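K.L.:
I have a structure here, written as structure tokens, and I will follow up with some questions on it.
Just so you know, all these numbers are worked out from the coordinates, no wet-lab data involved. It should be emphasised that the depicted structure is a prediction, and the values quoted were computed from it without experimental measurement.
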Amino acid sequence: MEGDVETVYENGLWKNRVDGHQRASNVAKTREEAVRTGRHMAKARHVVHCVRGENGEVVSRDDYRASPRGVPLPP
């Protein structure tokens, strides 16, 4: 979905990329640092945060979207 945040491993670095943009928003040396930053970005934007492992497979997916009442929306 447009605007979702994805944490990926590329060229020896962990990167956070906003869906719809080609360039990474930020890079990190460790997975933990990148996931923490990506989660913060997704929460602030009220979007989905998807983390991919080094092999490219989805490891986790957290949905921070919410309806006007604060109820999480279905995927």
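K.L.:
Using only the alpha-carbon atoms, how far is helix 31-45 inclined from the longest principal axis of the chain? Give it as 0 to 90 degrees, nearest 10.
P.N.:
Roughly 30 degrees, rounded to the nearest 10.
K.L.:
Mind checking the alpha-carbon convex hull of the chain and giving the volume per residue in Å³?
P.N.:
85 Å³
K.L.:
To the nearest 500 deg cm²/dmol, what mean residue ellipticity at 222 nm is calculated for the chain from DSSP H runs of n ≥ 4 alone, each contributing -39,500 (n - 2.57), summed and divided by the residues?
P.N.:
-6500 deg cm²/dmol
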